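Single-structure report; data block below.
What follows is calculated from the coordinates using simple rules that are stated; it is not laboratory data. Quick caveat, the model's predicted, so the values are computed rather than measured. Ideal geometry is used to build each Cβ from the backbone, glycine not excepted, and the neighbour counts take in all protein chains shown.
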Amino acid sequence: MERIKCLIAGSGPAGYTAAIYASRANLSPVIYSGLELGGQLTTTTVVENFPGFPEGVDGTLLVDNMRRQAERLGTQIRTGCVTKCDFSARPFKIEIDGNLTVEAETLIIATGASAKYLGIPGESEFRGSGVSACATCDGFFYRKQDVAVIGGGDTACEEAVYLSGLCNKVYMIIRRDAMRASKAMQQKVAARENIEILWNSLPKEVVGDLKGVNGIKIEDKLSGVQRVVPVQGVFLAIGHHPNSEVFAPWINTNSEGYILTEPDSPKTNVAGVFAAGDVMDLHYKQAITAAASGCKAAMEAERFLADN
Ligand code: NDP
């Protein structure tokens, strides 16, 4: 069975930064990329808040540069998902894609987070044919049409602004009378004439027929009145949940599934297993904070291997 000194699960900024540090520390890291190579950055447009890029940088390019940097320094990057693990003894046993088991002396969990869905009628039926959680992936299919974006955070604003450049009209459906998004993002939304904000609106159903989606039913939270807003596309932007399920039998998480680590440390409750990035970050969830925690995880993995 193959034995890996430092296995990294996940290929976003946390995983690649861990790989860059682990490579330079001669840990011969191996990344298993997960389902979404590059992680969530590949679904954004311009990243304006990653230091070092005064004009901003395309999210996919940024994470691809991280991949190239990790590879140049010696990281092996493989396609595959962790499907099972056994942390009862070291080296840990890690199953990949249900058919290959490798041994890992240390593991860095950097599996990030995935988009949340609402669970309303019509949502799963039309997923992929009118319902999406990624405007940059699917927005193209709704050119010159009307769409709705659900949510009022930074992601929703980013998606709405992006879609407003492609679509005829964008409705933002927000369940409160205020947005959670940063002021900068709210200003970008306000500057777009074809974005209309529907406040205090609860999404109730995605409506459609054999041809696809033709509306979203919403309820006015104050009056209780329901109506269907005619749209051909519905984009979910209501946050993410951490991809920690596969590790949960061994690793302590909070009630939402975020991996719990020691204070100001990537150490989990299992010695030799570290967590970095959005899978353990309840508060910040930024590319730069994910990268920083990946760095810490690799440094701790190096120390752990030196001590053991
Ligand atoms: P957030 O958790 O920040 O926002 C989620 C939004 O969805 C909120 O408006 C929330 O409403 C709404 N929502 C949640 N559940 C429901 C529901 N069941 N029905 C209707 N609405 C719902 O998630 P984001 O993905 O926007 O952002 C996550 C993190 O990533 C944040 O820290 C953000 O700052 C960051 N980010 C930064 C970017 C940047 O800097 N360029 C870009 C994108 C994200 P409510 O407010 O009522 O809870």
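Anyone know which of V228, V147, V189 comes out most mobile in the 10 Å Cα GNM of the chain?
Judging by the Gaussian network model, the answer is V228.
Run the quick spin-label model on E245 and R3: label points 7 Å from Cα toward the beta carbon, then report their separation in nm to one decimal.
Each label point is offset 7 Å from its Cα along the Cβ direction, giving 3.3 nm.
Efficiency by 1/(1 + (r/R0)^6): what FRET value for R90 and N254, r their Cβ-Cβ distance, R0 = 35 Å, to the nearest 0.05?
After rounding, the FRET efficiency stands at 0.85.
Net charge within 11 Å of T136 by Cβ-Cβ distance, Lys/Arg positive one each and Asp/Glu negative one each, not counting T136 itself?
Here the count lands on -4.
In percent, what relative contact order does segment 117-236 have, based on Cα pairs under 8 Å that are 6 or more apart in sequence?
31
Hey, rough spin-label estimate for D58 and R78, points 7 angstrom out along Cα→Cβ, what's it come to in nanometres?
3.0
Are there cysteines in the chain with no other Cys C-beta under 4.7 Å, and if so, which?
For the chain, the answer is C6, C81, C85, C157, C167, C295, because their Cβ atoms have no other cysteine Cβ under 4.7 Å.
Go ahead and collect, in residue order, the members of segment 140-170 whose backbone nitrogen is under 16 Å from a label point 7 Å along the Cα-Cβ direction of K211.
Counting backbone N atoms under 16 Å from the label point, the list is 142-147.
When the chain is treated as a GNM, springs tying every alpha-carbon pair under 10 Å, which of Q187, Q40, Q286 comes out with the largest mean-square fluctuation?
Q187
What's the percent breakdown of Cα-Cα distances in the chain across 10 Å bins, shortest bin first?
With 10 Å bins starting at 0, P(r) equals 6, 26, 29, 21, 13, 4, 0.
Rounded, prolate or oblate: which fits segment 117-236, taking a ≥ b ≥ c as square roots of the Cα gyration tensor eigenvalues, rounded meaning a/c under 1.5, else prolate when a/b beats b/c?
Because a/c hits 1.5 or more and a/b fails to exceed b/c, segment 117-236 counts as oblate.
I'd like the distance separating the alpha-carbon centroids of segment 115-160 and segment 14-89, in whole Å.
The two parts, judged by their Cα centres, are 26 Å apart.
Show me the GluC sites (Glu not before Pro) within segment 132-229 that DSSP assigns to loop and that have at most 12 other Cβ atoms within 10 Å of their Cβ.
Sites meeting the loop and neighbour criteria: E193.
Please state the charge dipole magnitude for segment 1-130, taken about the Cα centre, from unit charges on C-beta atoms (+1 on K and R, -1 on D and E), reported in debye and rounded to the nearest 20.
Computed charge dipole of segment 1-130: roughly 440 debye.
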